[in-house]
Amino acid sequence: MIILLFLSCEIWRKRAASNAAPLAPVPSTLLLTIAMLVALAVTTSAMADAWEANPQGNWDAWSIWNLRARFLAAGGALPQRAWSPALSWTHPEYPLLIPAFVARCWTYAASSGDAAPIATSYAFFLALIAILTGGLAAWRSRTLGLLCGLALLGSPHFLHEVPAQYADIPLACYFAAATMFAFLDRPLLAGLFAGLAAWTKDEGVLFLVVFLVAGSVLRRSQFFLTAASAMPAAILAAVFKFALAPRLSTAFGSAAGHLFRIGQVLAALAHEFAAMSMGWYHPALPLIALAIALRFDRSRRQDLLFAGAIPIAMLLGYFCIELITPNDLSWQLQTSLSRLLVQIWPALLLFVFASLCTPESAAVVEPRKKAKKF
């Protein structure tokens, strides 16, 4: 809700401060708004059915995230079990943002019901829609923001992860928020969300490094404020990792063994990307259609580099981690790769929509072309 209010203020401020002539209105904006509301209602109804059938979420939800939240909310000596090495199946080395938030909700409500983790997952989902839709509306155009929101709501594989109550949806939210607020020239908020990503899950540490490196190269004027605002959450994650969380031994195979894994990882990645479809429909199809219809804005090359460097570098990092994992590679790919794609899918959408021309600008250019003919 705070993110949505902030982006609404940004849209109002941008409109009030603009002295340029307004762009031509796009008649389909109202239809896109209605379509997005209908899609959100249908999606929420489907999620409600999933929550009713499985209120405690999927395996990792009740065996890792919600279980650790119960320890934190119990009081006494039980909170320490949230990072106890004796409970290795709970991944005690994972950061505590999501379990701590759910535990705090249970403490305030004086009840450890299923509503808190369900509401947490859905709230992050709504925040992600607000970031993509409202952020692009404030930065580029309302129509482009609505199209991006519809693209997210038209991603079945991504939507399937929301009722699972895993930490991947919050992580995806922080990835997209950090990038979006960097575009909006809000380095303090961008750094804050990047730091929170590191306090959410181990993959967030990689994102924080990638985000700061990309910012130091492509957005130098914002780098120091971004890094400073990311430090509190990053320091909290580091203290937990080195002072509280158990040290887990990791064994890596030989370099030759890693080379033999490359083909297996690439094949699994291609398979998971194809598996994001539902029947004949794949969420990449609307993106291809929009790229053909709107075309790419060649004047936004630096924004395109920044938006594209982050998810591409994350994919490369995930690829390298899969190569050196000490676990059985087939099991590792089967249990993790789909969720890794979920984490970066909103960032990939932001990359695509950041590079497109706005429908409003197309509506201005088209009459000019017709006038030249006469």
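The values are calculated or read from the model by the stated rules, or taken from the named source; none is laboratory data. Since we're looking at a predicted model, the values are computed, not measured. So basically every Cβ, Gly included, is an ideal-geometry build from the backbone, and we count neighbours across all protein chains shown. Accessible surface is based on the protein model in full, side chains and every heavy atom, while ligands, DNA and RNA are left aside. Shrake-Rupley method; radii C 1.70, N 1.55, O 1.52, S 1.80 Å.
What the table below lists for this structure:
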| item | result |
| --- | --- |
| Local net charge near LEU304, Cβ-Cβ under 15 Å (Lys/Arg +1, Asp/Glu -1) | +4 |
| Part-to-part distance (alpha-carbon centres) for the stretch 208-251 and the stretch 112-155, which is given in Å | 25 |
| Value of Rg to Rh for the stretch 141-246 (Rh from inverse mean 1/r over Cα pairs, i.e. Kirkwood) | 1.03 |
| Helical segments meeting 20 Å axial Cα length and Kyte-Doolittle 0.5 threshold in the chain (DSSP H) | 2-17, 29-53, 115-139, 168-183, 202-218, 223-239, 255-274, 301-324, 329-354 |
| Accessible area per residue in Å² at 1.4 Å probe, computed on the stretch 84-157 | 34 |
| Among ALA347, CYS357, ALA307 the positive-end extreme of the charge dipole of the stretch 297-359 (Cβ point charges) | CYS357 |
| Charge context of PRO85, other residues only, Cβ under 11 angstrom, K/R +1, D/E -1 | +1 |
| Inter-part distance where the stretch 53-87 and the stretch 293-336 are each reduced to a Cα centre, Å | 30 |
| Heavy-atom accessible area order for SER216, SER88, SER355, largest first, 1.4 Å probe | SER88, SER216, SER355 |
| Local net charge near LEU341, Cβ-Cβ under 15 Å (Lys/Arg +1, Asp/Glu -1) | -3 |
| Helix-only [θ]222 nm of the chain, DSSP H runs n ≥ 4, -39500 (n - 2.57) each, per residue, nearest 500 | -23500 deg cm²/dmol |
| Lys/Arg +1, Asp/Glu -1 at C-beta; the stretch 136-245 dipole; positive extreme among GLY154, THR143, PHE193 | THR143 |
| Tail weight of P(r) past 40 Å, computed on alpha-carbon pairs of the chain, percent | 16 |
| Solvent-accessible area of ARG261 with every protein chain in place, 1.4 Å probe, in Å² to the nearest 10 | 50 |
| Cβ charges +1 (Lys, Arg) and -1 (Asp, Glu), total dipole of the chain, debye | 1440 |
| Apportionment of accessible area to carbon and sulfur, the chain, percent (1.4 Å) | 69 |
